[in-house]
Amino acid sequence: MLGGGYVNYFELDSRAYKVIPQVQQEYRLNPDQLKSYYLRTSTGAMVSLSTVAHIKMHVLPEAINHFQQLNAATIQGVNFPTIPQGLALEKLTQLAKTTLPVGYNYDYSGPSRQFVQESGGLVLTFFFAILIIYLVLAAQFESFRDPIIILVSVPMSIAGALIFINLGIGHATLNIYTEVGLVTLIGLISKHGILIVEFANNLQKEGMSKRAAIIEAAGLRLRPILMTTFAMVIGVFPLLTAVGAGAVSRFDLGLVIATGLGIGTIFTLFVVPSVYMMLGHDLHKTAAVL
């Protein structure tokens, strides 16, 4: 009488219509009218519904959402432009732990879920990236000290990129896109050290002293280092000026690569030669003996 569901169709004038068993609207305007409905008992007698049922009012959601096969309520928000995504999620986690009743749990979905999952493996990703590069360089230079000299500029370039993120340039935050840019930065900045160290080693083998070789190598390799740096920075410039959908993620990726590579290049030209003097092999003496 109240459901409004159809049970069949009937045809009238070559058109099909639904058969909907339902009481007239004037008898279903409010819940109290339900008490006046009559039910037929097993003996055939008619009994008022009010004698066997009572009406109670409850507030319930129109739909119950599920997440991970559990009843869930979704809370959405946007962090302030100068607040990193990680800090905002950390604050939400603290609020959930202090305010949620016993038996309630919390989880993340969408980009926030991806950020939480990827952030947990960021340190491990950096470790394996540096380890693989170190092993490859050790095999290439046949030395365990030369890769350390080459990779000394990596933390400096990463720190240079993080400075601009902490300053909130362009509302950039530490997110999944900037993390990808930092991993990319490791390989890009390592190339500068390879150019200087390899050229200096070759000059030493030709008979030049260690100090003279690294000074000569830094001067001669300055042009290719600057050319590759400018080429990469100009290459990511479209990411910095992107507009429209996905512009924020592209800007964050381009900002990390451009600033980290630029600052890392400056440190490479000064720090790598100094570290080479302290840790580099003195191949001049070996070549003299041979």
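The table that follows gives values for the structure above.
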| quantity | calculated |
| --- | --- |
| R0 of 45 Å, Cβ-Cβ distance L122-T51: FRET efficiency to nearest 0.05 | 0.10 |
| HN-Hα J in Hz across the range 133-150 - Karplus 6.51, -1.76, 1.60, θ = phi - 60°, x for Gly and Pro | 4, 4, 5, 5, 5, 4, 6, 6, 8, 6, 7, 9, 9, 4, x, 5, 5, 5 |
| With Cα atoms, 0 to 90° folded angle of helix 176-205 axis to the chain main axis | 10 degrees |
| Gain in span if fully extended, E142 to K191, counting 0.36 nm per residue against the direct Cα distance | 15.9 nm |
| Relative contact order (percent, whole number), the range 121-289, Cα cutoff 8 Å, 6+ residue spacing | 36 percent |
| Two-site FRET efficiency, L2 against S109, from Cβ-Cβ distance with R₀ of 35 Å, rounded to 0.05 | 0.40 |
| Cα-projected label distance for L70 with E26, points at 7 Å along beta-carbon direction, nm | 5.3 nm |
| The range 8-51: C-alpha gyration tensor shape, a/c 1.5 cut-off, then a/b vs b/c | oblate |
| Segment T43-R15, extension gain: residue separation times 0.36 nm, minus the distance between their alpha carbons | 5.9 nm |
| Modelled FRET efficiency - R0 30 Å, L100 with A159, Cβ distances, 0.05 increments | 0.20 |
| Tail beyond 22 Å, pair distance distribution of the range 140-283 (Cα, percent) | 41 percent |
| Span from the the range 37-60 Cα centroid across to the the range 154-229 one, whole angstrom | 82 Å |
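Every read-out reported here was derived from the displayed coordinates using simple, explicitly stated rules and does not represent laboratory data. Since the model is a prediction, treat every value here as computed from it, not as a measurement. Every residue, glycine among them, receives a Cβ derived from its backbone with ideal geometry; neighbour counts consider all protein chains shown.
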